Amino acid sequence: MPARSMLIGYDLNRPGQDYDSLFEAIKELGTWWHHLDSTWIVKTTKTTVEVCDTLKRHIDSNDELLVVALTGEGAWIGFNDRGSKWLKDNL
């Protein structure tokens, strides 16, 4: 499968929980963008189900996780030049 961009969003509902392993697992999926607290965009060859299955091992049962494939179209404001360039190059 060719690489495509996916949006990963989550709510981590347990205060004080260490989610470093989740963040590392996201980074290992491929090229990543992380300029919003609970939102990442990753360019990966995995399917949305594979990404979700990989990441669910790193969250608690009461957390929420969303993985969606992106269409290539987007709009944004307020990000620095580096963040905007990544989006333009990878969506």
Members of the stretch 34-58 found to be under 10 Å from Ile8 (Cβ atoms), of a type outside the set (Val, Ile, Thr) and surrounded by 14 or more Cβ atoms within 10 Å (Cβ to Cβ), listed by number: His34, Trp40, Cys52, Leu55
field: Filtered residue count, the stretch 64-91, keeping only those that are acidic (Asp, Glu), without any contact (Cβ under 8 Å) to a residue 24 or more places away in the chain and not in a helix (DSSP H, G or I)
entry: 1
task: Can you run down the residue pairs with Cβ atoms below 6 Å, 6 or more apart or on separate chains, where the first is in the stretch 42-63 and within 13 Å of Ile26 (Cβ to Cβ) and the partner is aromatic (Phe, Trp, Tyr) and buried (at least 17 other Cβ atoms within 10 Å of the Cβ)?
output: Val42/Trp32
- request: Any residue in the stretch 13-33 that's in a helix (DSSP H, G or I) and modelled with pLDDT of 95 or more: show its pairings with residues that are aromatic (Phe, Trp, Tyr) and surrounded by 14 or more Cβ atoms within 10 Å (Cβ to Cβ) at Cβ separation under 6 Å, as long as the two are six or more apart or on different chains.
  value: Ile26/Trp40
- prompt: Do you know which residues across the stretch 34-60 are of a type in the set (A, V, I, L, M), modelled with pLDDT of 95 or more and outside any helix (DSSP H, G or I)?
  reply: Ile41, Val42
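The values are calculated or read from the model by the stated rules, or taken from the named source; none is laboratory data. A quick note: this is a predicted structure, and the numbers were derived from the prediction, not measured. Reconstructed Cβ throughout: ideal geometry from the backbone, glycine too, with neighbour counts over all protein chains shown.
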